[in-house]
1. Return the total of residues in the range 59-78 being in a strand (DSSP E or B) and touching a strand residue (DSSP E or B) at 6+ places or on another chain (Cβ under 8 Å).
2. Filtering the range 47-58 down to residues that are in a strand (DSSP E or B) and within 17 Å of residue 7 (Cβ to Cβ), which residue is farthest from the chain's Cα centre (by Cα)?
3. Can you find a residue in the range 28-35 that is modelled with pLDDT under 95, in a loop (DSSP other than H, G, I, E, B) and either touching a strand residue (DSSP E or B) at 6+ places or on another chain (Cβ under 9 Å) or surrounded by 12 or more Cβ atoms within 10 Å (Cβ to Cβ) (or both)?
4. Would you mind telling me which numbered condition in (1) at pLDDT 80 or above; (2) closer than 27 Å to residue 34 by Cβ residue 109 fails?
5. Does any residue in the range 6-24 that is at positive phi come within less than 6 Å, Cβ to Cβ, of a residue that is surrounded by fewer than 16 Cβ atoms within 10 Å (Cβ to Cβ) six or more places away or on a different chain, and which pairs are these?
C-alpha cells in the first residue's frame, strides 16, 4: 500500500506525518487490499485558522472511499477522519462478507459447472377423484374463507371450465 501525505498551504511536521501514517497503517486490519491512500491537508482561510483534511482510500475492484474533515486542530481532524475511515471500511468489509454468490464470475476461477446431475426421484401420490365432488363458484369462495393454510382452490365454473381461485394479500380473491 502506498501512502501519500501532502500539505497544501500548510507546513507538515514529521510528527503530523507519523501520526497520520500510523492511523493509515491501522486500516489494514480489515483485509480489504488497500491499493493506496492520499491525504491532503490544506490550510483554510486565515480568518478561521483551521485546517481541512481529505483522505482518499483506493481499494481493489475500483472502490474508492473519500473522507473530508475540517477542524481547528490537525490532530483532531486526522483522528476524526481516520475513525470515519475505519467505520466506512468496516461497513464495506461486512458488505463483502455478506455478499451472496450469484454467478460463476463471483465464484472465481475455481468454479466448475456440474454436468452430471441426476434427476430427483419424484413420488406421485394418486388421488381418488370419486371422493371429491367438483366445486362451483360459491362453494370455492366459502372453502377459501374457511381455510387458513390453503391459498388457492381449483374448481369448475358455470361453463364447466377448470378455474383457479386464490387469496390475495389484501384479503380479496383473485380468479384465473
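The values are calculated or read from the model by the stated rules, or taken from the named source; none is laboratory data. Worth saying up front: this structure is predicted, and the values here are computed from it rather than measured. Counting neighbours? That spans all protein chains shown, and the Cβs are built from the backbone with ideal geometry, glycine included.
1. Restricting attention to the range 59-78, the residues satisfying the condition of being in a strand (DSSP E or B) are 59, 63-71.
Then drop every residue that is not touching a strand residue (DSSP E or B) at 6+ places or on another chain (Cβ under 8 Å), which leaves 59, 64-71.
Counting residues in the range 59-78 that are in a strand (DSSP E or B) and touching a strand residue (DSSP E or B) at 6+ places or on another chain (Cβ under 8 Å) gives 9.
2. Keep residues of the range 47-58 that are in a strand (DSSP E or B), which gives 51-58.
Among the residues that remain, those that are also within 17 Å of residue 7 (Cβ to Cβ) are: 51-56.
Numbers: 51: 35, 52: 31, 53: 29, 54: 26, 55: 24, 56: 22 Å.
This residue is 51.
3. Of the residues in the range 28-35, the ones modelled with pLDDT under 95 are 28-35.
Subsequent filtering for residues that are in a loop (DSSP other than H, G, I, E, B) retains 31-33.
If we keep only those that are either touching a strand residue (DSSP E or B) at 6+ places or on another chain (Cβ under 9 Å) or surrounded by 12 or more Cβ atoms within 10 Å (Cβ to Cβ) (or both) as well, we get 32-33.
Yes, because at least one residue in the range 28-35 is modelled with pLDDT under 95, in a loop (DSSP other than H, G, I, E, B) and either touching a strand residue (DSSP E or B) at 6+ places or on another chain (Cβ under 9 Å) or surrounded by 12 or more Cβ atoms within 10 Å (Cβ to Cβ) (or both).
4. Evaluating residue 109 over (1) at pLDDT 80 or above; (2) closer than 27 Å to residue 34 by Cβ leaves (1) as the failure.
5. Every condition considered, the pairs that remain are 9/42.
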